[in-house]
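First up is the structure itself, then whatever we jot down about it.
The values are calculated or read from the model by the stated rules, or taken from the named source; none is laboratory data. These numbers come from a predicted model, not from an experiment. Surface accessibility is based on the protein's heavy atoms, side chains included, excluding ligands, DNA and RNA. Shrake-Rupley method; radii C 1.70, N 1.55, O 1.52, S 1.80 Å.
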Amino acid sequence: MSMISIGMSGLNAAQTGLHTTSHNITNVHTPGFSRQSTLQTTGIPQFSGAGYLGQGVDVVSVTRSYSSFLDLQAREAQTMASHLNALAAQLASVDQMFSDPSAGLAPALDEFFGAIGAVAASPADTASRAVLVSSGEMLAARVRDLYQRLESLRDGVNAQVGASAASLNGLAAGVAELNRQIVRAAAAGDAPIDLLDRRDTMLRDMAKEIRITAVATPTGAVNVALSNGQPLVLEGDAFEVAAGRDEYDVANVVLGIQAGSRFQAFAESTITGGKLGGVAEFRSVTLDTAQNALGRLAGMLADAINAQHAVGQDRTGALGGAMFAFAGPTVQSGDNNVGSASLTATIADYGAVTTSDYVVGYDGTNYVMRRLSDGQMRTFASLPQTVDGVTLTLASGTPAAGDSFKLLPSRYVGAGFDALITDPAKIAAALPMRAAAGGANSGAGVLRVESVAPPANANLTQPVTITFTSATTFNVTGTGTGNPVGLTYTPGMALTYNGWTASLRGTVAAGDTFSVSPNVNGIGDNGNLRALSAVATRRVLDGGTASAGEAYAQAVSLIGNQTYAATVRMKAQDAVLTQADAARDTVAGVNLDEEAANLLKYQQSYQAASRIIATANAMFDEILGIAR
């Protein structure tokens with residue numbers, strides 16, 4: 001080979017190096033770009049009488065600096081970082097909502113029970129009654145507002161599922177197209193480096209949405225699947241996922257596949273990593289629990305207040321009505337049910353109600369109820385059955401094997417929570433019964449009605465007479481009492497009949513009488529409001545261990561702890577992601593100082609190769625001159 005040919009090979013090698021270096025420099029900020037290098041080798045030497053003579057340089061290929069291990073680490077770090085960022089952002093919204101000192105539920109509860117105390121202190125004061133009416137309306141509005149804000153978060157999760165499904169489908173189509181181009185180029189002996197980088201970037205973007213598994217094939221393609229095994233890309237073919245309504249919960253949009261007219265949802269436990277995994281975890285672990293906690297608390301309060309208010313007496317002399325309207329449990333039938341069964345549910349005991357939802361399946365013989373919070377299973381041969389304070393009943397129809405239902409004990413309580421009393425005179429502050437001593441009594445005995453227990457007894461307003469036959473014995477007469485005789489008197493004893501309880505104390509004499517009769521108008525009486533005030537501290541929830549305020553404080557604490565834990569995990573994972581990206585960049589990243597040095601190196605090589613050609617030309621001219 002001549003010096004000119006050797007010089008030309010050097011020019012070509014230097015030019016390729018300059019081109020590659022320039023490409024690296026201009027893509028220094030391109031996401032997913034891998035630094036490229038030229039791979040050179042000496043030309044095949046040629047044998048001559050004087051031995052082997054060199055034939056210049058050959059450019060074998062342009063390669064990328066790439067580590068599949070570090071790229072996988074960075075992708076896994078990315079999917080967990082996206083998961084925790086989405087989870088922490090959603091949790092922060094709920095935490096702020098529940099713990100807000102002015103917009104949370106706690107201040108509304110305090111104001112409402114404070115207003116009850118004010119009316120109890122001055123039951124005839126119309127202004128205090130008006131404040132109580134207003135406080136009840138504000139409490140109802142606060143419950144509805146919190147419910148709607150939680151529903152807005154659910155809508156946001158649903159929107160994220162739809163957006164992620166669309167993004168995954170677009171990325172899967174892009175990876176499939178790149179697979180086809182890369183396979184064609186590889187078959188032709190080319191190395192499509194930039195296409196490989198573009199495909200890796202798309203895989204990284206997919207990992208931001210959900211955890212994926214990518215497996216390289218011998219042809220150069222990459223097969224991609226979700227963590228549940230559902231394929232997204234096989235060689236050059238892309239498969240679509242879809243967002244659809246949850247079979248068990250019409251309020252939720254979930255990820256799945258569309259097979260003709262049938263939507264098949266993926267099990268939520270298989271949706272991990274990425275934004276989808278984060279919002280799915282938030283919805284199932286925190287959002288459902290928060291809504292259920294709010295509904296359970298509001299339902300318990302309304303139920304207890306309504307029951308107590310119903311046995312009181314308002315200023316018109318009528319028994320009180322309900323103070324609040326609220327929804328009960330909801331049972332949703334599965335979309336794929338083939339039987340005709342319809343199930344209903346009622347609250348039997350708020351003290352036993354949990355903050356979990358339930359799935360009820362029918363296997364052809366038994367009903368199997370699964371508590372979603374911990375997976376606890378219970379099996380029944382028939383309905384009705386009461387579980388965790390909720391009574392489940394077969395309202396109509398017949399179930400078929402494989403039918404399923406979702407029981408939501410308290411999620412929708414806050415949706416229709418409303419105050420029913422708008423007239424201050426309708427507040428049942430007084431007890432409906434009052435006691436009086438006979439006018440001819442010679443003793444110093446005193447009878448006082450202390451309380452009326454809900455629900456209202458059918459004979460609540462029936463008059464009752466107590467007649468002492470001696471200083472230590474008495475008879476009771478009146479409808480509903482059973483008319484007992486010869487009862488023993490103990491000073492301070494309690495008498496309970498027809499739903500009311502009275503205390504009898506002092507010294508009595510034979511012939512003394514006492515009566516319990518309707519409390520006409522009840523102006524100035526605060527007996528029922530004293531019982532309503534006790535609802536605030538009555539430990540009803542969680543098996544009788546927590547009052548409404550304590551249960552709300554526990555919910556705030558739980559959500560706060562979850563938010564803190566998620567934030568800590570997010571920050572730690574962001575650090576892991578930064579380290580993983582830094583490790584990848586040590587291999588694949590572009591160093592401008594290094595590239596500047598390469599630019600100078602290849603420029604000098606190009607100049608030197610040019611001098612070889614110039615020298616060869618000068619020598620050739622000398623030869624031609626001699627020949628002349």
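Things to note:
- Normalised by 2.2 N^0.38 Å, where N is the number of residues, the C-alpha radius of gyration of the stretch 27-116 stands at 2.71.
- One equal scatterer on each Cα of the stretch 555-607, no solvent, Debye formula: the resulting log10 I(q)/I(0) at q = 0.24, 0.26, 0.27 Å⁻¹ is -0.88, -0.93, -0.95.
- Compactness of the stretch 1-56, expressed as Rg and Dmax over alpha-carbon positions, Å: 16.2, 55
- Whichever lysines have a C-alpha closer than 19 Å to that of Lys571, once near sequence neighbours (fewer than 8 apart) are set aside: Lys208, Lys275
- Share of carbon and sulfur in the accessible heavy-atom surface of the stretch 536-588 [1.4 Å probe, %]: 60
- Protein accessible area in the stretch 83-204, 1.4 Å probe - carbon and sulfur %: 55
- Note on the stretch 300-341: with neighbouring protein chains present and a 1.4 Å probe, carbon and sulfur make up 50 percent of its accessible heavy-atom surface.
- Put the Cα centre of the stretch 559-628 next to the Cα centre of the stretch 449-493 and the gap is 99 Å.
- Hydrophobic long helices, here whole DSSP H runs in the chain with Kyte-Doolittle means of at least -1.0 and Cα atoms spread over 15 Å or more along the helix axis, are found at 3-26, 68-99, 105-121, 126-187, 193-209, 288-310, 548-588, 592-627.
- The eigenvalues of the Cα gyration tensor, multiplied by 5 and square-rooted, give the chain an equivalent ellipsoid with semi-axes of 85, 26, 16 Å from largest to smallest.
- Dimensionless Rg ratio for the stretch 484-628, taking C-alpha atoms and the 2.2 N^0.38 Å reference: 3.38
- Accessible surface ranking for Leu294, Leu195, 1.4 angstrom probe, highest first: Leu195, Leu294.
- Residue-normalised accessible area of the chain, given per residue in Å² at a 1.4 Å probe: 45
- Theoretical ellipticity at 222 nm over the chain - DSSP helices of four or more residues, -39500 (n - 2.57) apiece, nearest 500: -15500 deg cm²/dmol
- Cα centroid separation, the stretch 512-552 to the stretch 336-354: 30 Å.
- With a 1.4 Å probe rolled over the protein heavy atoms of all chains, the accessible area of Lys571, Lys601, Lys275 falls in the order Lys571, Lys601, Lys275, largest first.
- Ellipsoid semi-axes for the stretch 91-179, based on the Cα gyration tensor and the rule √(5λ), read 50, 11, 5 Å when sorted largest first.
- Surface accessible to a 1.4 Å probe, Arg539 within the full protein complex, Å²: 130
- Note on exposure: Asp145, Asp581 ranked by accessible area (1.4 Å probe, complete protein assembly) read Asp145, Asp581, with the most exposed listed first.
- Ser340 exposes around 80 Å² of accessible area when a 1.4 Å probe is run over every protein chain in place.
- For the stretch 171-329, the percent of C-alpha pairs falling in each 5 Å distance bin, counted from 0 to the bin holding the largest distance, reads 2, 8, 13, 13, 11, 9, 8, 7, 6, 5, 4, 4, 3, 3, 2, 2, 1, 1, 0, 0.
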